[in-house]
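Report on the structure given below.
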Amino acid sequence: MTLEYTIELDHSVWIPVPLAFPWNGYEDVASWSQDVSTALTTGIDAPDDVRARLRDAAQAMSEVDPPLPGALERFWHLPEQGGPERLVHLYVTSTEATTAEELAQLARAGVGGFVQTVTVLEDTGFDVAMRAVVLTEIPDRSLTVLRCLGLADGYVFVIELIEEHTAVVEELEPVVEALFRSIRLRGRTPVHAGAAS
């Protein structure tokens, strides 16, 4: 991939989770998860068992296989006051799509199912962007897939949350969209994404 991007991560909401080690100076999951636990409990009087649970949770998140191949990054939604603790993944692939209609066709890629809603997103770093909710079935249960998708320079960026509970999707939709909106493509001026051309 030649297109470079940055993500302005809100560290009070998201923690980047390595897809493999070594990663950003960490040789293994033990050192990374220990640092995550320490960072999350700095400045508060957290007992040792809380620190240990956070360390174990961080390690468990790092061991989750991405739902689709080719994930470039993943982020752990920090639970707040008992809120949902979930992973989202970022995928970037080349595409010939250029319009909102063509982007909507990509909303089902890899997961299949029925596109429940599509909302065009304006004021993003992409030429065309949208949020889509896809309902899909796997052998033992139904899943709701929230995807924010953006087109730029022959690539489609997708931030994806796959979830069994629609209430969790509804709760996390604003922060997932905010994460998507924080993506900036280097060397490009943000474009106001409107209706399809």
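General remarks:
- In degrees, nearest ten, helix 29-41 long axis to first principal axis of the chain (Cα): 80
- According to the calculation over all Cα-Cα pairs in segment 1-146, the P(r) per 10 Å bin from zero is 9, 31, 33, 21, 6, 0 %.
- Normalising the average separation of contacting C-alpha pairs (under 8 angstrom, six or more residues apart) by the number of residues puts the relative contact order of the chain at 22 percent.
- FRET efficiency for the R184 to E122 pair, using the beta carbon distance and R₀ = 22 Å, is estimated at 0.90.
- Working from the Cα coordinates of segment 1-60, the gyration tensor eigenvalues give, after taking √(5λ), semi-axes of 25, 15, 8 Å in decreasing order.
- With Cα atoms, 0 to 90° folded angle of helix 166-181 axis to the chain main axis: 80
Read the figures in this text as sums done on the coordinates, not as results from a lab. From a predicted model like this one, the values you see are computed outputs, not experimental measurements. Note that each Cβ is placed from the backbone with ideal geometry, even for glycine, and that neighbours are counted across all protein chains shown.
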